[in-house]
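One structure is given below, encoded as C-alpha cells.
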Amino acid sequence: MGSAVVRPYQDTDLEGAAAALVAVHATDGYPVEGVADPQAWIRSANVRAAWVGAVDGKIVGHVSVMRPQGEDAVSLWTGQSGDDEQHVAVLARLFVLQEARRRALGAQLMQAATSWAQDQGIRLVLDVMAKDTAAIRLYQRLGWTRIGEATHPYGEGRLMDAICFAAPDA
C-alpha cells in the first residue's frame with residue numbers, strides 16, 4: 001500500500017467513501033446506523049465539513065464535522081462549559097478501512113477536523129459506542145476529555161451505551 005493522504009471531501013469521493021463505510025461496518029459493526037443507505041448517511045445535510053483519507057487514489061477513511069442534532073455530547077458539553085450550541089459541532093462518521101489502519105490515518109483525519117473547528121472557533125464533541133474500544137483509545141491518546149456517558153438510540157428502539165468526549169483546547 002502506498003502513502004496515505006488526507007484531504008477535503010469532494011462529491012466525487014461519495015462512492016468510494018460509501019464502499020469503505022460498508023466494509024468497516026462488516027469488520028467492526030460501525031456504524032450502528034447508516035449502512036442501509038451509506039451515501040445518504042455520508043452526505044447528510046447536517047455536514048459542515050468533511051475529509052477523506054486515500055491511499056493510491058482509493059478512499060480508505062472519512063470524517064465529518066456535523067451540526068448539532070440533539071446529541072448527548074452537545075448537551076453535556078454546553079452544560080459543563082457554558083458554551084452555547086452555536087460554538088459546538090460534532091465529530092462524526094469517522095472510519096478507516098481495516099487494511100489501512102496502523103498508518104495514523106484516524107489521527108490525521110481527526111486532526112484535519114479539529115484544526116478546521118479551531119479555525120472556526122468551534123469546540124468539537126463526539127459520542128462513541130462503549131464497545132468501540134480502539135476508537136476510545138485513539139480519542140484519549142489525542143487528548144480528548146471524557147465528559148460523560150449516554151445511551152445511543154438506533155434502529156427500531158435499540159439502545160447502546162456510549163461515552164461522550166470533547167476535543168482538547170487549542
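The values are calculated or read from the model by the stated rules, or taken from the named source; none is laboratory data. Bear in mind the structure is a predicted one, so any value in this text is a computation, not a measurement. No Cβ is skipped: glycine too gets one built from the backbone with ideal geometry, and neighbour counts run over all protein chains shown.
Residues considered: Ala4, Ala49, Ala18, Ala100. Of these, the only one that is touching a strand residue (DSSP E or B) at 6+ places or on another chain (Cβ under 8 Å) and at pLDDT 95 or above is Ala49.
Please determine whether any residue of region 43-55 is assigned to a helix (DSSP H, G or I) and β-branched (Val, Ile, Thr). It would help to see each step written out before you state the result.
Narrowing region 43-55 to residues assigned to a helix (DSSP H, G or I): none.
Scanning region 43-55 turns up no residue that is assigned to a helix (DSSP H, G or I) and β-branched (Val, Ile, Thr).
Listed by first and then second residue, the pairs with beta-carbon distance under 7 Å, at least 6 apart or on different chains, first residue in region 57-73 and farther than 11 Å from Leu126 by Cα and surrounded by fewer than 21 Cβ atoms within 10 Å (Cβ to Cβ), second modelled with pLDDT of 95 or more and not basic (Lys, Arg), are Lys58/Gly16; Arg67/Asn46; Arg67/Ala89; Gln69/Asn46. Scanning region 65-107 for residues that are of a type in the set (Lys, Arg) and part of a loop (DSSP other than H, G, I, E, B) yields Arg67, Arg101, Arg102, Arg103. Search region 108-160 for residues being assigned to a strand (DSSP E or B) and β-branched (Val, Ile, Thr), and hand back the single one that is surrounded by the most Cβ atoms within 10 Å (Cβ to Cβ). So, considering only residues that are assigned to a strand (DSSP E or B) and β-branched (Val, Ile, Thr), the one surrounded by the most Cβ atoms within 10 Å (Cβ to Cβ) is Val125. Asp169 falls short on exactly one of the conditions (1) over 16 Å from Val74 (Cβ atoms); (2) surrounded by 13 or more Cβ atoms within 10 Å (Cβ to Cβ), and that condition is (2).
Residue-wise test of (1) touching a residue at least 60 places away in the same chain (Cβ under 8 Å); (2) more than 15 Å from the chain's Cα centre (by Cα).
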{"site": "Trp116", "(1), (2)": "yes, no"}
{"site": "Val125", "(1), (2)": "no, no"}
{"site": "Met129", "(1), (2)": "yes, no"}
{"site": "Leu138", "(1), (2)": "no, no"}
{"site": "Arg146", "(1), (2)": "no, yes"}
{"site": "Asp169", "(1), (2)": "no, yes"}
